[in-house]
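Supplied in structure tokens, the structure appears directly below.
Values in this text are rule-based calculations from the coordinates and carry no lab data. These figures come from a predicted structure and were not determined experimentally. Methodologically, a virtual Cβ is constructed for each residue, glycine included, from the backbone with ideal geometry; neighbour enumeration extends over all protein chains shown.
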Amino acid sequence: MDSIAIVAGEAVGLPQDMTLGEAEAFLAAHRDCQTAVDEDAHTSEVFIDQFDLLHSRWMGHVVDLYRDPTYQALLDEAVACLVARGWKTDSYEGFFSTVDGQISRAAPDLEAMRQISRGAGRDFSDCLATWDVTRTTQLETDRAAFVDDNFAALVEAEAVFRQFFGDGPP
């Protein structure tokens with residue numbers, strides 16, 4: 001340190017060959033940078049809060065659908081169909097675990113892996129077609145209502161998202 005200067009109201013040691021003007025410019029740049037970081041952090045928090053709220057609302061619709069007795073009866077029929085076709089499973093999720101396990105055990109035999117995958121795909125498609133069409137149709141209806149009910153919040157979340165990621169306002 002060659003000298004001490006008062007910069008932004010504080011006595012600081014200046015590095016060798018740094019002028020007072022350079023030190024003030026450095027601190028101003030640092031302050032601007034910190035302000036930008038703070039603004040980005042705030043924008044991020046706002047987006048996350050908005051996203052969490054919207055996500056919770058949407059997942060409420062999904063959970064309601066999955067609890068619907070008609071939907072559950074279709075899913076039970078689909079799982080019974082998979083069992084009738086030889087799959088050892090008691091649930092939709094269990095079917096995928098069973099398929100993954102069989103494919104893993106067949107590795108590295110690519111042809112055997114393909115056969116398992118094709119059979120699983122065919123059975124899934126056949127057994128779960130009605131359930132999937134019902135689910136997809138209901139989710140599309142729910143999604144349209146969700147967008148209508150939450151349009152302003154979705155637009156605001158998109159604007160914050162674009163601001164945060166540097167795209168600017170939509």
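Suppose R0 equals 25 Å; then what is the FRET efficiency for SER117 and HIS55 from their Cβ-Cβ distance, rounded to the nearest 0.05?
Approximately 0.20, to the nearest 0.05.
List the chymotrypsin sites (Phe, Trp or Tyr not before Pro) within segment 112-170 that fall in a DSSP loop (any state other than H, G, I, E or B) and whose Cβ has at most 14 other Cβ atoms within 10 Å.
PHE165
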